[in-house]
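Trainee: Structure below; questions to follow.
The values are calculated or read from the model by the stated rules, or taken from the named source; none is laboratory data. These figures come from a predicted structure and were not determined experimentally. All Cβ positions, even for glycine, are placed from backbone atoms using ideal geometry, and neighbour counts span all protein chains on display.
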Amino acid sequence: MNQDTKSNKNKLLYLVIILILVGAIAYLAIQISKANKLNHDAMQDISLLQLEKDELNNILSSSGIIDEADGKALKQNLQNLLQTYDSLQYDNEKIQDSINNQKQRIGQLLAEAEKLQSQKKKDWARIYKLKKETETLRTIMKGYIHTIDSLNTANINLQNTLSKKDRELIQANSENKDIKDKNKELQETVQLGSKLQTANISALAIRIKGSGKQSETTRASRTNMIKVCFTLIENKIAESGNKFIYIRIISPEGKVLASDNNSSIKGALDTVIEISAKREINYQNENTDLCIYYEVLDKIAKGNYQVEVYTDKHKIGSSSFALR
């Protein structure tokens, strides 16, 4: 009797273990099925992205926007740019740190350019982006050269003035006037250097389809929106913080495309400037890419349109586009 009871208990235990294993296997099968579905969806997304990338590459290579020469020259241009940055030296720690950051970025672009050159199939979209970023870095470099030269000139003038003051105490009143004049010139130089600048301005007409998808168009009759994109160039001298950036779109007839509330701003000498759209950003003294959209309120005419970008009462960039 005891032997039979023990045998029944063992059978029951085996049955429980088998049921647990069957449950575990069923749970794993469900999880594997879910993982396979997620993997399939991800592969479809990757395929769609690759198709879009290939289509963009075909457009760039066939339109003449970028060609084989640009790909070959990219690495050399970056090396030349790095050599120029290496020659920039200044004892201002803030400016020198900014220069070093740009040099580090150029090094990263060089590594990417070498990788792109080693690929058999050209990634024209990435090559085009690297080319435009190289142009932006060159523009920033010119700004550094101008700032350093201006500050060096101002420092030399100030040192000469102080030396002259030490030697000619009898002319203290005259020298004080000279120093005030030099300080005024220095302030004007700093104000000029602190003005924001833009690069890579582009203006596109956008058609919004019924599905909500946006696509570029060149037809006035299909235009629902105008998209203006650009880069605010790094400027360590400019005041950081929240800023309004404005765009002004001028029609072929010379009229400003009005915003929904007919906004305007005060320009230099208190002039009134009509604007089409605006956007508030937080500027932290570094390269800032942004786009501003203008929603077309009425039908717009065919022809050439001018686009102007403003901030702090100053025009900081312009571009144009055409509609047919």
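Trainee: Only residues that are of a type in the set (Lys, Arg) and crowded, with 17+ Cβ neighbours inside 10 Å: list them for the range 244-277, please.
Mentor: Hit for the range 244-277 is Arg248, nothing else.
Trainee: I'd like to know if the range 296-312 contains one or more residues that are at pLDDT below 90 and part of a strand (DSSP E or B).
Mentor: Among the residues of the range 296-312, at least one is at pLDDT below 90 and part of a strand (DSSP E or B), which makes the answer yes.
Trainee: Let me ask something additional. Cβ-Cβ below 6 Å, separation at least six or inter-chain, first residue in the range 64-93 and assigned to a loop (DSSP other than H, G, I, E, B), second at pLDDT below 75 and of a type in the set (Phe, Trp, Tyr): which pairs?
Mentor: Sorted first by the residue in the range 64-93, then by its partner, the pairs are Ile66/Trp124; Ile66/Tyr128; Leu88/Tyr144.
Trainee: Going by the conditions given, is Leu137 part of a helix (DSSP H, G or I), aliphatic (A, V, I, L, M), modelled with pLDDT under 75 and crowded, with 17+ Cβ neighbours inside 10 Å?
Mentor: No: the conditions fail for Leu137.
Trainee: Continuing with the same structure: Test of understanding: among Ile265, Ile292, which residue is farther than 30 Å from Thr161 by Cβ, in a strand (DSSP E or B), modelled with pLDDT under 90 and in contact with a strand residue (DSSP E or B) (Cβ under 9 Å, 6 or more places away or on another chain)?
Mentor: It is Ile265.
Trainee: On the given criteria, is Gly241 exposed (fewer than 11 other Cβ atoms within 10 Å of the Cβ) and farther than 19 Å from Leu297 by Cβ?
Mentor: Against the criterion (exposed (fewer than 11 other Cβ atoms within 10 Å of the Cβ) and farther than 19 Å from Leu297 by Cβ), Gly241 qualifies.
Trainee: Another one. Considering only residues that are among the β-branched types (Val, Ile, Thr) and touching a residue at least 12 places away in the same chain (Cβ under 8 Å), which ones fall in the range 247-273?
Mentor: Answer for the range 247-273, where residues must be among the β-branched types (Val, Ile, Thr) and touching a residue at least 12 places away in the same chain (Cβ under 8 Å): Ile247, Ile249, Ile250, Val256, Ile265, Ile273.
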